[in-house]
Amino acid sequence: MPHDGHHHHEDHAPIEDVEAIGEYEILEQAIRELLVEKGVLTADAIQTQIDEMDSRTPVAGSRIIARAWTDEAYRARLIADPKPALAEMGVTKLDHNPEVKVVADTADRHHVIVCTLCSCYPRVILGMPPAWYKKRAYRSRVVKEPRQVLAEFGTELPDSTTIEVHDSTADLRYLVLPMRPEGTDDWSADQLAELVTRDIMIGVRLPKAA
């Protein structure tokens, strides 16, 4: 779902805005309490799963990107057939087992990820989604005015760069493969992995050599 252009809005919600609890959160809480009440699940089992999810980090994704930067054959496999390539790096199954697409940045094309419906996101690869990713401000604005939203993250792109916004769903998750930063030709994969953050793999920031 490509989007590019200059949209100027004098009044818009900031990315970090705070929203009241939504109907989905209320529904989730009601279902969770009902399952515990009926004995289908226990509160301890639910909390254990929550703790496991909260402990996830973007380390797996960082290592995957670093290998793609240093191994051209792996990069080709990652883009052509992501799941087997991810499995090579220990990522054998994503939550709910959706399809995965890896989108590679180029000198004239930049990719950014959103879930316009809720917050679909490859947590096994990227760790927990940031709060702003789930907010209505980001979900709506990055589709309409991606260049402005990226600028608010400090990512200024040339006018000649096309911005493609990809909408994650329950059945399809995306991973941004950014361009390798200049000045890192002699860096090891471990050194490169330290440059790759969650925000970079979502596409709102660019990797930079320190």
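Things to note:
- Verdict on P146 being assigned by TED's automatic domain parsing to the domain that holds A80 and more than 29 Å from D71 (Cβ to Cβ): yes
- L175 vs. criteria over 14 Å from the mean Cα position of the chain (by Cα) and either within 23 Å of L195 (Cβ to Cβ) or of a type in the set (A, V, I, L, M) (or both): no
- Conditions (1) under 25 Å from A80 (Cβ atoms); (2) modelled with pLDDT of 95 or more; (3) assigned by TED's automatic domain parsing to the domain that holds I65: number failed by P207: (3)
- Among the residues of this structure, S119 counts as one that is closer than 22 Å to D171 by Cβ, in contact with a Pro (Cβ under 7 Å, 6 or more places away or on another chain) and in the same structural domain as L192 (by TED's automatic domain parsing).
- Residue within region 175-197 that is more than 21 Å from R75 (Cβ to Cβ) and assigned to a loop (DSSP other than H, G, I, E, B) present: no
- Residues in region 112-157 that are of a type outside the set (F, W, Y), surrounded by 23 or more Cβ atoms within 10 Å (Cβ to Cβ) and in a helix (DSSP H, G or I): I125, L126, V142, P146, V149.
- Across region 17-67, the qualifying residues are those that are among the small types (G, A, S) and within 27 Å of V149 (Cα to Cα), and the one among them that is modelled with the lowest pLDDT is A20.
The values are calculated or read from the model by the stated rules, or taken from the named source; none is laboratory data. Quick caveat: nothing in here was measured; it's all calculated off a predicted structure. Glycine also receives a Cβ, built like all others from the backbone with ideal geometry; neighbour counts cover every protein chain displayed.
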